[in-house]
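The values are calculated or read from the model by the stated rules, or taken from the named source; none is laboratory data. Being a predicted model, the structure only gives us computed values, none of them experimental. Every residue, glycine among them, receives a Cβ derived from its backbone with ideal geometry; neighbour counts consider all protein chains shown. The area values use the complete protein model at the heavy-atom level, side chains included, leaving out ligands, DNA and RNA. Shrake-Rupley method; radii C 1.70, N 1.55, O 1.52, S 1.80 Å.
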Amino acid sequence: MTDEAEAATVSICPVCGAAVEPRDQFCEVCGTPLTEEARASEGSAGDAARTMGGASGTEDAFAGAPQTHSTPTAPAGPSGRTEPCVRCGAPPADIDVDGYCTVCGLLQPGPRDHLELDLGWAAGVTDRGRQHPRNEDAFHLELAGPAADFGVVAVVCDGVSSSVRAEDASESAAAAAATVLAAVVGGAGSLADATVHAADAATRAVMALPWTPTDQMASPACTLVSAACRLGQVAVGWVGDSRAYWLGPDPSEGLLKLTVDDSWAEAQIETGRMTEGEAEADPRSHAITRWIGADAPDVDARVITMTPALPGRLLLCSDGLWNYASSTDDMARLLDSQPPDATPIQLARALTTFALTAGGHDNITVVVIDLPIPPAERDTDGNADQQR
Amino acid sequence: MTTFSAETYQNEYLAEGAAEVNAVVTVTATAGGGAAQPTRAAEIIIIDISGSMNYPATKLRAAQQATAAAIDCIRDGVWFAIIAGTKLAHQVYPAPGTLSPASGETRDEAKQAVAALQAQGGTAIGAWLALANQLFATLPLSLNHAILLTDGKDESETAEELNQTLAACEGRFQCDCRGVGTDWVVSELRKVASALLGSVDIVADPAELTADFTAMVEHAMGKATADVALRVWTPQTATVSFVKQVAPTIAELTDKRVPVNDRVGDYPTGAWGDESRDYHVCVTVKPGAVGDEMLAARVSLVVDDQVVSQALVKAIWTDDAALSTRINRAVAHYTGQAELAQVIQEGLEARKAGDDATATVKLGRAAQLAAASGNDATTKLLSKVVDVEDAASGTVRLKSRVDDADEMALDTRSTKTVRVTKSAP
C-alpha cells in the first residue's frame, strides 16, 4: 500500500477489481457480495442489490435530466419478496431464498427481468422476454465527463445461454467495459483504443467469475457491443452478435448498421458461400464465432469510429430485438414506424415491446442515445438543443 | 464432525410439454478435522448354527473363526452381542437380553462362547433378527449394525413371518447379509438386506469368511453418523416417480418414503462414514410454459432433523431442441447401471425357469451394458455364466454348465455399479 489514508477507506472487489467502499455490502460493479452478511443473503437480497446502470458520479452534471431508475430497493423479508407467486398465488412467505415458490415450484420473476434506465438523452431497457427463464442480457449506460462534452458510455452484453452463469457473465462484462470507457470518455485518450481495452477488461471480468465445470455447459461467456461518445465523436466496438446502428440527421442517408455480426451466418455471407437469405435460414446462422469469455478466441474487439453529422441517434441492441428485424431495411422500417418525437426511453420501451409482441423468444436489450450537436458547433439560437 | 455436501447432475432443459425430470445427486460425507467424536455404537453378529452347517463341518468352523476375527475388530466401548440361529434365536454372548461394551476381556469371553457352538436344528432368519432388534432396543440413540450369516433357506418360518419381522426392524438397525455355500436363496437374503439397508453377498468358500467378516465390521466401525435421511421436496402438482441409490450399489428407496408433509418425504440412507454415494431422483411435474423455470425437487440431507446440505433439481422448458435433447452423462450412466442389474436378475431367473431364449437376450443385454459402462467386475462375473461372442452387440451364448456359486455371485453382485466419471474441468 502506498497510500495508507486511501487504503483505509477504499478497497478492491475480490472478483472484478473495482474500487468498493467499506460500507458496501455488494460490489457495485459486479454484484459480488462483500460482507459475510451479504454472502449469507446472496441469491435473495443479493440479486436485488445488483443494480443496473452507473449514472452515479455524473448525475450532478445533468441535474436537469430525468433520473428514473427502476432498480428495486432492497427487500425486507427473508424471501426477499413482497409479491405472491405469479402462478399459484402463494403468499410471499412461501417464496424461498432461491426465488422458487415452495408450493408450485415456479421461479419467480427476478429483479433483472425488466430494467430501465432513463438518463434523458440516453436510455436503456432490458427484458427477460417471453421464453427464457432468466434475463441473461445486461447493459450499462453512463454519462461521463463534463456536461458540455456530451460524453456517454453504453455497453450491451448478451450472456451465452449454453454457458454457466451467463447472467453474471453479461453483467460483469458490461460493468467492467463501461468502467474503462467512462474513464477515457471523461478524460483524454483515444476512444478507439479504449474500446479495445474495454473489451479486454470485460474478458478479464468474465474469466474471474468462479464456476463449476459441467458436461452440459461451457465456461461463462457473453457478447459485447459498446459505444463511447465524446464531443460528437463515436467509437463502437463489438464481439459477437449484439449490434449497433446509427441514424443521422438526413433521413435520405438511411439507417447505418455499424457492426458486422461475429456469427456463422455473417461468415457465410462475407466469404460469399451463401446469400444473406440462405445464411439466415440455416439453423446454424446464430452460432457466434467470437465471444467474451475464458475459452474465447484471443482476438481484439472490432472497432468502428466516426465523427457523424449531428444530431443523430445511436441504437445498441441484443439479438432479442434484431431477430425480428434482421436486415437493415427491416430495422429501418421498424424505426420509421415509431413516433418521430419519441424520447430515447420511449423508443427503447417501444422496441422492447415490439420484440415481446413478436414472440420475445430471447432476452431483449435496447439502448438508445440521441447525440446532440456539441455547444461549440451550435448556432447562436441553440436550435439543436430544442429536441431535448 | 462429519460434513455433507450434495451436488446435482442433470440436464434441466425440457422440451415443451415434457413432464419427467431426472437428476443424479451426489452426496459426499467428509470427516472434519480433529478426532471423530465416538458415537455410541452397537454391533450384533448373527451366525447360523443349523444342522446343515455341519455339512461339511468346515462351514461351522469357518463361521466360528470368522466371528472370532470380527469380534477382534469391534472397537473398544462398542456394545456388542452374539446370536446363534436355528429355528429359534439363542443369545451366545453376553447374558440374555443384554449387550456388553467391547474390551479385551469381553472379546475373549465372547470368542470362547462362539468356539463352543454346536450345529443342530433349523433356520428361522426372522426369529434371529427379532432378537437382534430386541437387544438393540435396550440401547436407544446408538448406531446399530448387524451381520447375518446363513447357509440355508429360511425354512422354519413362513415368508409372511419374515416380512413382519423385517417391517418391525426397518429403521432400527442396518444388517449386512452373507450366504455361505450355495444352498441359500439369493432373493431371500436380498429382501432382508434391502429392508435393513445392508449389503448381500455370497461367500462360496468358507475359508473366505474371516476376511469378509473383518471387512464388514471395519466398515461398520467407520460409520460416524447414524440415520441420515434424503429429504425430497417436490412442488404441489409433482410426484416422485422414484428415488434410488445408484452408487456404490443400486438400492431402491422409492417405497421407503416416510412422509413429512404433503410435499416432503424422507428416504432413509442409514449410517454414513467417510464416503460418497449417488442417488437418481426422478420427478414427474406439471409441464410449464416455454420459458418457465421450476424447482422440480429440493434434495436435502437430514441428520437429527437438521438439514445439513441440499441440492436443487430444476426444470426449464425450452423450444430449443439443442438444449432439451442433451442427455446428462450421469443420468444416462446410472440409468444403464440400473438396467444392468435388472437384466441380470431377470436373465438368471429366466435361465432357472428353463427359458433359455429370454435368458440369452437379457444376459446379452447385460454383457453389452457392462462392457459399455466399463463395469469390469460385472463383465467378469457374467463371463462365468455366458460366453460373450460380441459385447458391443450383446451377442452371448449360455454356458451349458454353470457353477451354482458363480451364478449366485453374479446375482448378488448385480447391483454393484461403477461410478460415472464426472467431466474434467
task: Using a Förster distance of 51 angstrom, determine the FRET efficiency expected from the C-beta separation of B:Arg397 and B:Gln118, and round it to 0.05.
output: 0.65
task: Provide a whole-number value for the mean count of partner chain Cβ atoms within 10 Å of the Cβ atoms in peptide A:104-112.
output: 5
message: Using the basic label-point model (7 angstrom from Cα toward the beta carbon), what is the B:Lys384 to B:Ala207 distance in nanometres?
response: 1.5
message: For the pairs B:Lys87/B:Lys362; B:Lys59/B:Lys256; B:Lys111/B:Lys380; A:Lys257/B:Lys314; B:Lys59/B:Lys87; B:Lys59/B:Lys416, flag any whose C-alpha to C-alpha distance is greater than 29 Å.
response: B:Lys87/B:Lys362; B:Lys59/B:Lys256; B:Lys111/B:Lys380; A:Lys257/B:Lys314
message: What FRET efficiency comes out for A:Ala147 versus B:Glu16 if R0 is 60 angstrom and r is the Cβ-Cβ distance? Round to the nearest 0.05.
response: 0.75
statement: Among segment A:284-323, those whose backbone N falls under 16 Å of a label point 7 Å along Cα→Cβ from A:Arg273 are A:284-290
message: With +1 on the Cβ of every Lys and Arg and -1 on the Cβ of every Asp and Glu, and nothing else charged, how large is the dipole of segment A:213-356 about its Cα centre, in debye rounded to the nearest 20?
response: 500
message: Given the whole protein assembly as supplied and a 1.4 Å probe, what does the accessible area of A:His361 come to in Å², nearest 10?
response: 80
- prompt: For B:Glu349 and A:Asp113, what does the FRET efficiency come to when R0 = 60 Å and r is the distance between their Cβ atoms, rounded to the nearest 0.05?
  reply: 0.65
- request: Evaluate the relative contact order of chain B (contact order divided by residue number), counting alpha-carbon pairs under 8 angstrom at least 6 apart; express in whole percent.
  value: 19
query: With a sphere of radius 11 Å drawn around the Cβ of A:Val184, what net charge do the other residues whose Cβ falls strictly inside it have (Lys, Arg +1; Asp, Glu -1)?
result: 0
Solvent exposure, largest accessible area first (probe 1.4 Å, DNA, RNA and ligands not counted), of B:Lys153, B:Lys399, B:Lys59, B:Lys352: B:Lys352, B:Lys153, B:Lys399, B:Lys59
task: Give me a single rounded figure for B:290-299: the average over its residues of other chain Cβ atoms within 10 Å of their Cβ.
output: 6
message: Over chain B, with a Gaussian network built from C-alpha contacts below 10 Å, which listed residue (B:Ala330, B:Ala116, B:Ala372) shows the highest mean-square fluctuation?
response: B:Ala116
message: Treating only the Cβ of Lys, Arg, Asp and Glu as charged (+1, +1, -1, -1), what charge dipole size does the protein assembly as shown show about its Cα centre? Round to the nearest 20 debye.
response: 2300
query: Which residues does a label at B:Thr237 reach in segment A:82-124, if reach means a backbone N under 17 Å from a point 7 Å past the Cα toward the Cβ?
result: A:85-91, A:100-109
- prompt: What residues from segment B:84-122 fall in the zone where the backbone N is under 20 Å from a label point 7 Å along the Cα-to-C-beta line of B:Arg75?
  reply: B:99-108
Vicinal HN-Hα couplings computed from phi for segment A:160-166 (Karplus, 6.51 cos²θ - 1.76 cosθ + 1.60; Hz; Gly/Pro x): 6, 6, 8, 10, 6, 6, 4
task: Within the set of other residues whose C-beta is less than 10 Å from the C-beta of A:Ser161, count the net charge using Lys and Arg as +1 and Asp and Glu as -1.
output: -4
- request: Please name whichever of B:Tyr93, B:Ala311, A:Ser326 sits farthest to the positive end of the charge dipole of the protein assembly as shown, dipole taken about the Cα centre and charges placed at Cβ: Lys and Arg +1, Asp and Glu -1.
  value: B:Tyr93
task: Report, to the nearest 10°, how far helix B:329-352 tilts away from the longest principal axis of the Cα atoms in chain B, using its own Cα long axis and a range of 0 to 90°.
output: 50
field: 0 to 90° range, to nearest 10: angle between helix B:209-221 axis and chain B longest Cα axis
entry: 60
message: Quick check: from the Cα gyration tensor, does segment B:39-147 come out rounded (a/c under 1.5), prolate or oblate?
response: oblate
- request: Enter the accessible area per residue of the protein assembly as shown (Å², integer; probe 1.4 Å; all protein chains in place).
  value: 42
- line: Of B:383-390, A:98-105, ordering from highest average Cβ density within 10 Å down gives A:98-105, B:383-390
message: Tell me the mean residue ellipticity at 222 nm calculated for chain B from its helices only (DSSP H runs of n ≥ 4, each -39500 (n - 2.57), averaged over every residue, nearest 500).
response: -10000 deg cm²/dmol
- prompt: Tally Lys/Arg at +1 and Asp/Glu at -1 over every other residue whose Cβ is under 9 Å from the Cβ of B:Ala220; what's the total?
  reply: -2
- prompt: What fraction of the DSSP beta bridges in segment B:41-221 is antiparallel, stated in percent and rounded to the nearest 5?
  reply: 20
- prompt: About its Cα centre, what dipole magnitude does chain B give when the only charges are +1 on Lys and Arg Cβ and -1 on Asp and Glu Cβ, stated in debye to the nearest 20?
  reply: 300
field: Label-to-label distance, nm, for residues given as B:Thr421 and B:Ala95 (7 Å Cα→Cβ offset)
entry: 6.0
- request: Rounded to whole Hz and in sequence order, give me ³J(HN,Hα) for segment B:255-269 from the Karplus expression 6.51 cos²θ - 1.76 cosθ + 1.60, θ = phi - 60°, writing x for Gly and Pro.
  value: 7, 8, 4, 10, x, 9, 7, 3, 10, 10, x, 9, 10, x, 10
